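Trainee: If you scroll down you'll find the structure; I have some questions about it.
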Protein chains: 2
Amino acid sequence: MSNPKTILEAFTWRYATQKFDTSKKLSDEQLNTLLEVIRLSPSSFGLQPWKFIVVRNPELRVKLRGAGYDQSKITDASHLIIFAVKKNLDDKTVDTYIQSVAQVRGVAFETLKGYGDMIKQFLSSMSQEAKMEWAARQAYIALGVLITAGAVEGIDVGPMEGFDPKKFDEILGLEQMGLETKVIVAVGFRSDDDFPASLTKVRFPKEEVIIEMN
Amino acid sequence: MSNPKTILEAFTWRYATQKFDTSKKLSDEQLNTLLEVIRLSPSSFGLQPWKFIVVRNPELRVKLRGAGYDQSKITDASHLIIFAVKKNLDDKTVDTYIQSVAQVRGVAFETLKGYGDMIKQFLSSMSQEAKMEWAARQAYIALGVLITAGAVEGIDVGPMEGFDPKKFDEILGLEQMGLETKVIVAVGFRSDDDFPASLTKVRFPKEEVIIEMN
């Protein structure tokens, strides 16, 4: 197994890992690469309506497994990453973001007012539920990024939608941080006897999935 | 510019491209790599509730630009890819998928009945609106995959949420195909004078985005 892989090698190698090798842990460098890549993930307007919670703590993970249909990857993978979104997406969120843009780019806050106003208008046009869905979609961009980065780096990734998000928020204390869990991901290394690894990947053929209008 | 890049090089190099070089087109190999990678994108249950419409046709793209806030990347990028989801996610969708699993893996349809029933139960528990949101999230995984693959391969990607999805469906005839546009992506190569390319990327610092529970 040589790293990094080309993108197509990576996507042939990867699969939704179910059973992780409990003895294999990500190196600090591997973990940092994954975290840096999700931190750099793009989002609509650049707003980054998310936080990523990285759980290594074994006791916490046992509790989370209880809220995640007892899936072994929750406890057995090297790390568990929770993709959470910010519940309060309001004018203040936008101002904080615009301030960070102004600071990083060395421009006056006022010069970005029009951009900020556009984002504020976009957000205020949505119900809270619609905002959370929009934020969840952004988190799923980061999920796609993490899946791809893991594949390229030879790190196994097991994304999960099957869990109780409210219980996750409770166990992790996310409610008080103004966050909501949207999707979770186990990262680490496949067990030698993970059955799905041996199965042929099932995807619809190109002619059924891709429509070309030339 | 050497390809492929490491994942962190790729994420430093990429940005949401606004202005594409109209003279630069993806090679067949580059386009095929991107399409193959999105075809191989993972989705919940492996259901692939999507189709990807690749538009090169210039007249169509002028029309789409009219439904996309006149963003130049819609017409000027090498290709435009529409990420659409299937409107009918029902028992028949699941049976078609399970049949493809049975065929690819050489097992009897009946042995997969339990898995199919679980997916059917999941889908039937949701309203049509919730199903479309769930499907959109899956499409956003593929979006994250495409963004990452483009970055690694040195291909510029400009994702867009700002467009009229109903008009896109009309112009492309997606309604009749049972599809709904969720997000669109211009792919190609940045123009030398694309102003945002020169700006420092703005992301919240690690300590604000990543929470570690060790």
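Trainee: Which residues, taken from region A:170-181, are part of a helix (DSSP H, G or I) and among the charged types (D, E, K, R)? Give the derivation first.
Mentor: From region A:170-181, those part of a helix (DSSP H, G or I) are A:170-172, A:175-177; that's our starting set.
Across region A:170-181, the qualifying residues are A:GLU170, A:GLU175.
Trainee: If the requirement is being over 19 Å from the mean Cα position of the chain (by Cα) and touching a residue at least 40 places away in the same chain (Cβ under 8 Å), which of these qualifies: B:ASP194, B:ASP156, B:ASP164?
Mentor: Values: B:ASP156 fails: over 19 Å from the mean Cα position of the chain (by Cα); B:ASP164 fails: over 19 Å from the mean Cα position of the chain (by Cα).
Residue meeting the stated conditions: B:ASP194.
Trainee: From the list B:ILE211, B:ILE184, which residue is part of a strand (DSSP E or B), among the aliphatic types (A, V, I, L, M) and over 25 Å from the mean Cα position of the chain (by Cα)?
Mentor: Numbers: B:ILE184 fails: over 25 Å from the mean Cα position of the chain (by Cα).
Only one candidate qualifies: B:ILE211.
Trainee: A further question on this structure: Could you count how many residues in region B:181-214 are farther than 30 Å from A:LEU26 by Cβ and either more than 7 Å from chain A (Cβ to nearest Cβ) or not hydrophobic (A, V, I, L, M, F, W, C) (or both)? Give the derivation first.
Mentor: We begin by selecting, within region B:181-214, every residue farther than 30 Å from A:LEU26 by Cβ; these are B:181-199.
Subset that is either more than 7 Å from chain A (Cβ to nearest Cβ) or not hydrophobic (A, V, I, L, M, F, W, C) (or both): B:181-198.
Number satisfying all stated conditions: 18.
Trainee: Does any residue of region B:151-159 turn out to be part of a loop (DSSP other than H, G, I, E, B) and buried (at least 20 other Cβ atoms within 10 Å of the Cβ)?
Mentor: At the first step, the residues of region B:151-159 found to be part of a loop (DSSP other than H, G, I, E, B) are B:154-155.
Okay, now just the ones that are also buried (at least 20 other Cβ atoms within 10 Å of the Cβ), so B:155.
Yes - at least one qualifying residue is present in region B:151-159.
Trainee: Can you confirm whether A:ASP76 is crowded, with 17+ Cβ neighbours inside 10 Å, touching a strand residue (DSSP E or B) at 6+ places or on another chain (Cβ under 6 Å), modelled with pLDDT of 95 or more and more than 12 Å from chain B (Cβ to nearest Cβ)? Please lay out each step first, then the result.
Mentor: Values: crowded, with 17+ Cβ neighbours inside 10 Å: yes; touching a strand residue (DSSP E or B) at 6+ places or on another chain (Cβ under 6 Å): yes; modelled with pLDDT of 95 or more: yes; more than 12 Å from chain B (Cβ to nearest Cβ): yes.
Spelling it out, A:ASP76 is indeed crowded, with 17+ Cβ neighbours inside 10 Å, touching a strand residue (DSSP E or B) at 6+ places or on another chain (Cβ under 6 Å), modelled with pLDDT of 95 or more and more than 12 Å from chain B (Cβ to nearest Cβ).
Trainee: Within region A:11-37, take every residue that is away from chain B (no Cβ under 12 Å) and in contact with a Phe, Trp or Tyr (Cβ under 7 Å, 6 or more places away or on another chain) and give me the one that is farthest from B:ARG39 (Cα to Cα).
Mentor: Restricting to residues being away from chain B (no Cβ under 12 Å) and in contact with a Phe, Trp or Tyr (Cβ under 7 Å, 6 or more places away or on another chain), the top hit is A:LYS24.
Trainee: What number of residues within region A:22-52 satisfy the criterion of being in a helix (DSSP H, G or I) and either crowded, with 19+ Cβ neighbours inside 10 Å or in contact (Cβ under 8 Å) with a residue 60 or more places away in the chain (or both)? Show your work before the answer.
Mentor: Step one: of region A:22-52, the residues in a helix (DSSP H, G or I) are A:28-39, A:44-46.
From the residues that got through so far, the ones that are either crowded, with 19+ Cβ neighbours inside 10 Å or in contact (Cβ under 8 Å) with a residue 60 or more places away in the chain (or both) too are A:30-31, A:33-35, A:37-39, A:44-45.
Result for region A:22-52: 10.
The values are calculated or read from the model by the stated rules, or taken from the named source; none is laboratory data. As the structure is a prediction and not an experimental result, all values here were calculated from the model. When we count neighbours, we look across all protein chains shown, and the Cβ atoms used for this are built from the backbone with ideal geometry, even at glycine.
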